[in-house]
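The values are calculated or read from the model by the stated rules, or taken from the named source; none is laboratory data. These numbers were taken from a predicted model, which means no experiment stands behind them. Cβ atoms come from the backbone with ideal geometry, glycine included; neighbour counts cover every protein chain shown.
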Amino acid sequence: MGPMLLEALTGVLNPVSLLFVVVGVSAGIIVGALPGLTATMAIALLVPFTFTMQPVFGLVLLGAIYSGAIYGGSFSAILINTPGTPSAIATTFDGYPMAQKGEAYRAITTATLASVIGGLIGVAFLIFLSPPLARASLKFGPPEYFWLAVFGLTIIAAVSPRSMIKGLVGGGIGLLISTIGIAPIQGAVRFNFGTLALQNGISLIPALIGFFCIPEVLRMAESSSTSSDAVVPYKRQRKMVTRVFHALIRKPWLLLRSAILGTIVGIIPGAGGNIAGLVGYNEAMRASKNKEKFGTGIMDGVAASESANNAEVAGSLIPMLTLGVPGAPPAAVLFGALLLQGMRPGAELFTYHGATIHAFLFSVILANIEILPLGIILGRAVAALMQRTKVQTMAPLIIFLSMIGAYSIYNNVADIYTMVVVGLLAHALRKAGFFPGPIVLGLILGPFAEQGLLQSILMGRAGGSIFQVFFTRPISLILIILTIISVVTPIVVHYRTKRGKHSRIVDSVTRQEASE
Amino acid sequence: MSEKARNLLSGVAILAVSIYWFIAAGEFKELSRLYPQVIAVIVGLLALVLLGVTLLGRGPKIALAGGDAGERHMRSGTMIGAMVLWTALIPVAGLLIASIVGVTAMGLITFRAHVGTVRAIVIAVLLVFVFFLLFRFLLNVPFPTGIL
Amino acid sequence: MTTKTWRIAAAAAVLLIAATSFVCATGTSEDGGFPQRPISYVIPFNPGGQSDVTATYQKPYLEDVLGVNVTIRHQPGAGGALAWANLVNADPDGYTLSGNNLPHIIIQPLVRDDAGYETEDLKPLYLFQTTPIGIAVAPDSPFNTLQELVDYAADHPGELTVTGSGTHTGHHLAILQLQHQTGTEFTYIPATGAAPSVANFLGGHSQVIMANSNDLVAHQDEMKVLAIGTTDRFPQLPEAPTFIEAGVEMTAGIDRGVCLPPDTPEDVVAVLEAAFDEVSRDPEFRAQMDELGFVTHSIGATEFAEYIDRRKTEIETVLRELGEI
């Protein structure tokens, strides 16, 4: 053990590896920040290059990119209300309102610190508890996935403070849209209106951009006038990092809980960063004493989402390294990279290739730490930029980049059309009071729910009792209870706030508490 | 359009969509149609609830933007027009030319106020070209060309 | 920015436009042979999968032989149909080729009203690999031979749950063929991919699994392989009988090759075929593939086309008799 660890340390504490960590995290942040490009794509693009490198360097680079990209998604989420990667969807809920209040720098700093801490907590689980956690993850079968998806859908109630009914309808719309494409069982091609392009359903990334970015752009085009286009007052505060740090330290459970949830979601095969962020956000809201403030722009929301999604990075590696079952799409690509280097997940990986893998794990620690200085520097740069221009004027360029970004990875022109059509639809829905959050939730969780449902039904039929399959398994029962709690809480909150104040959410410029 | 009208219109539209979805799903085999139909029913019911509370006068509130509706619509209309034009041009003229047109058009709308018309056009064209070159030659991803 | 800066910027813009137009217009010289410019190797599946890994291994050899860059692109969707539908519409100049998988390219056009392509549209170029599929149960399961499993299934139709990757894929076809040959009924529970199906099985949620050979090898301590779909015993799993040995006349596997758009000229096909042939016969390449658990072939275009026709007839019969089409 001793000599292997020593070798691992030399594998990571050498100039090349360290350089790769810095380069990887930086590149990852850039890729993550650009809507249209995701962590999965970034890793996929670079795997061929790592083929010719020594295994340890290749893995270090890819791990750094993964961590950086998941963090980077928060930038565009905060600045232009468009998640740079799906993991940052929940970051838009509070991050963008914060930016609108002029607290963009604070939001970015919060995201940075939360990502670092969350990521490190996740890596701790990865290093110390991988085997038992991986085993536990296998216990998630079709019924558990179904209930997990249902639990995820209850978050809709949480993220629609303005109108529960519209949130629910929005979620339903998302669920309907997710049925376009090939049915998971029996393979029927559904709702593609006869077109080939829709044979695979609506691609998620173009849809995300369409839902989040385009309505914002249009809304701003509407409200901007030449003279009074005031740049939202940008408040420069000294020592922002220390202030945010102190604020977060006062609520240790916030970050810890989000990170643990993120790790767990990461461990569950198939559930990735997007769900991690949402679950972290939802639970933070439920546990908070200021539930109504979520969604108006408080840092707790950003911290929860970002802590969870960076913890998910390590979480997704746990089943991948121990069992060869990726916890999330980026982990699947990393798996491919391992195979290319002739390394197979499992016991062999930790013994025969032990030094390489442990070097990799250490490098993930470094990558997370590295996010801190890079995030602070970038945060300051972005903040300085915001003093001059409204970021939104860059919107056409961003839309263009998203277009070609999404196209370049999957070479599908239909994705561009998807983006525009979805964008226009989202604009119309926005006008009618339907917000993108719930719809996207439905879109993402729909397939999980359907697969889980249908697979469980098949299991139930084979075993003789469908009821038994859904309602008598221990993990399922836990999830069902969580779901019920999750449904009841926001309804209670909803009616409690309605009693006192008027329910129209005010432009939260007035809520400027010093301590927040 | 008033708040009530928007709620009603969207409620009706969504109800119609859910009915269509339900019927369209009917032609699939059992397991392929179960889930879409269940969801369609749920959405339809929710749409009815929406319509119900709106008609009863307790519909959800929508934060409507202030200012001159006509001018607002013209601005967003032009943006939409620019995007549609952009997309429509892609199969005809290829992504490069379409993007130049599209980004320029949208840029004129958004950042003309800051830097003036001519500069806006120059920036737009330059940006598109830089990225085109980047993708075409560095990453070897050709932009789709059109009929031209 | 000052006016001077703007003038420079404008001049740069003009230069860029001129340069780009020039490059686009001149293109490449036509007096050299094929290939002249980079070739796109389209993978119809997600990165990290078997097709991707194999292609990444092939890439350096191909680049060596052909003398141009080979860019691997992923175009996942619809079980591969998206990429194949796009390939059918691509320029038949040899600069775009795609991986193709059997039985996918046979089954999809048969069961879907409009898959976007027909099996015959994809011009077979080379078949370089098969991943055999095997059937396994848990180590503590009461079944020790395929016959025992089949006997139980015959007495308890639909009770045994089998997991595999996807609908209308190699795994699905394998269980369909087993059912067809033995007159039994299992409940097939498709997972969204090979890894999820393995996770499903290892977690005990299904009793039987149809798995790729490399998964069977990787998890052999937790799987009792009852049969494997090769014609002769699979070297990496020497104790597993083949389906034929166990009494069921079938082979099961996912065949991987490459294909071109229809109407690609024969001389172009020949060049590419020769390149893939050279790669497939390289001993170092074969060793790498063996390590990963693949069975390497060297089957050229004509033989490949015949193989596809044969398989199509077989598969069509099975599907028809089972009521799938």
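Some observations on this one:
- The set of residues in the stretch B:41-53 that are surrounded by 18 or more Cβ atoms within 10 Å (Cβ to Cβ) and either farther than 17 Å from B:S18 by Cβ or at the interface with another protein chain (Cβ under 7 Å from one of its Cβ atoms) (or both) comprises B:V43, B:L46, B:A47, B:L50.
- The conditions of being within 13 Å of another protein chain (Cβ to nearest Cβ) and not charged (D, E, K, R) are met by C:P190.
- Residue, farthest from C:A195 (Cα to Cα), within the stretch A:334-360, restricted to residues that are at the interface with chain C (Cβ under 7 Å from one of its Cβ atoms) and not in a loop (DSSP other than H, G, I, E, B): A:L340
- Test: residue in the stretch B:84-91 that is over 19 Å from B:S2 (Cα atoms) and in contact with a Pro (Cβ under 9 Å, 6 or more places away or on another chain): yes
- Filter result for C:A274 (over 28 Å from C:E118 (Cα atoms) and not assigned by TED's automatic domain parsing to the domain that holds C:H171): no
- Lone qualifier among C:T71, C:T131 - being in a strand (DSSP E or B), closer than 19 Å to C:D255 by Cβ and either away from chain A (no Cβ under 11 Å) or over 12 Å from the mean Cα position of the chain (by Cα) (or both): C:T131
- Number of residues in the stretch C:147-161 that are in a helix (DSSP H, G or I) and within 8 Å of C:F186 (Cβ to Cβ) equals 1.
- Among residues of the stretch A:242-262 that are in a helix (DSSP H, G or I), those with a Cβ under 8 angstrom from a residue that is exposed (fewer than 15 other Cβ atoms within 10 Å of the Cβ), sequence gap 6+ or separate chain, pair up as A:R243/A:Q237; A:A247/A:S515.
- Subset of the stretch C:131-145 (residues that are in contact (Cβ under 8 Å) with a residue 12 or more places away in the chain and surrounded by fewer than 23 Cβ atoms within 10 Å (Cβ to Cβ)): C:A138, C:P139, C:S141, C:F143, C:N144, C:T145
- A:G201 surrounded by 22 or more Cβ atoms within 10 Å (Cβ to Cβ) and either over 17 Å from A:L429 (Cα atoms) or within 9 Å of chain C (Cβ to nearest Cβ) (or both): yes
- The lone exception for A:P206 - which of (1) within 14 Å of another protein chain (Cβ to nearest Cβ); (2) surrounded by fewer than 24 Cβ atoms within 10 Å (Cβ to Cβ); (3) modelled with pLDDT under 85 it fails: (2)
- Number of residues in the stretch A:25-69 that are of a type outside the set (A, V, I, L, M), within 14 Å of chain C (Cβ to nearest Cβ), in a loop (DSSP other than H, G, I, E, B) and under 24 Å from C:P60 (Cα atoms): the value is 1.
- Selection within the stretch C:245-301 - hydroxyl-bearing (S, T, Y) and under 22 Å from C:I39 (Cβ atoms): C:T264, C:S280, C:T296, C:S298
- Remark: C:D31 falls outside the filter, which requires a residue to be at pLDDT 85 or above and surrounded by fewer than 18 Cβ atoms within 10 Å (Cβ to Cβ).
- Being at pLDDT below 85, β-branched (V, I, T) and either in a helix (DSSP H, G or I) or within 24 Å of the chain's Cα centre (by Cα) (or both) is a property that B:I62 has.
- At least 2 residues being surrounded by fewer than 24 Cβ atoms within 10 Å (Cβ to Cβ) and of a type in the set (A, V, I, L, M) is the threshold, and among the helices (runs of 4 or more DSSP H) wholly inside the stretch A:85-177 those reaching it are A:104-138, A:142-158.
- Failed condition for C:T242, given (1) crowded, with 20+ Cβ neighbours inside 10 Å; (2) within 21 Å of the chain's Cα centre (by Cα); (3) within 24 Å of C:P103 (Cβ to Cβ): (2)
- Single match in A:T296, A:T322 (criterion: in contact (Cβ under 8 Å) with a residue 40 or more places away in the chain, more than 20 Å from A:G32 (Cβ to Cβ), surrounded by fewer than 23 Cβ atoms within 10 Å (Cβ to Cβ) and touching a Gly at 6+ places or on another chain (Cβ under 8 Å)): A:T322
- Looking at A:A259, A:A276, A:A314, A:A331, just one residue is buried (at least 24 other Cβ atoms within 10 Å of the Cβ), touching a Leu at 6+ places or on another chain (Cβ under 6 Å) and away from chain C (no Cβ under 11 Å), and that residue is A:A314.
- Looking only at residues of the stretch C:45-68 that are part of a loop (DSSP other than H, G, I, E, B) and either within 11 Å of chain A (Cβ to nearest Cβ) or free of Cβ contacts under 8 Å to residues at least 24 places away in the same chain (or both), we find that the one that is farthest from A:L339 (Cα to Cα) is C:F45.
- Test: residue in the stretch A:482-490 that is at pLDDT 90 or above, more than 22 Å from A:A88 (Cα to Cα) and touching a Phe, Trp or Tyr at 6+ places or on another chain (Cβ under 6 Å): no
- Residue tally, condition among the small types (G, A, S) and surrounded by fewer than 22 Cβ atoms within 10 Å (Cβ to Cβ), over the stretch A:433-458: 0
- Residue match in the stretch A:444-465 (condition: in a helix (DSSP H, G or I), modelled with pLDDT under 85 and away from chain C (no Cβ under 14 Å)): no
- Among (1) hydroxyl-bearing (S, T, Y); (2) under 19 Å from the mean Cα position of the chain (by Cα); (3) over 30 Å from A:P48 (Cβ atoms) - the single one A:T296 does not satisfy: (2)
- Between C:D267, C:D290, C:D282, C:D277, the distinction of being over 23 Å from C:G67 (Cα atoms) and acidic (D, E) belongs to C:D290 only.
- Residue check for A:G172: more than 9 Å from every other protein chain (Cβ to nearest Cβ), in contact with a Gly (Cβ under 9 Å, 6 or more places away or on another chain) and of a type outside the set (A, V, I, L, M): no
- Hits in the stretch C:75-94 - residues which are away from chain A (no Cβ under 13 Å) and either free of Cβ contacts under 8 Å to residues at least 24 places away in the same chain or crowded, with 19+ Cβ neighbours inside 10 Å (or both): C:G94
- Across the stretch B:1-34, the qualifying residues are those that are under 22 Å from the mean Cα position of the chain (by Cα), over 29 Å from A:A183 (Cβ atoms) and in a helix (DSSP H, G or I), and the one among them that is nearest to the other protein chains (Cβ to nearest Cβ) is B:R6.
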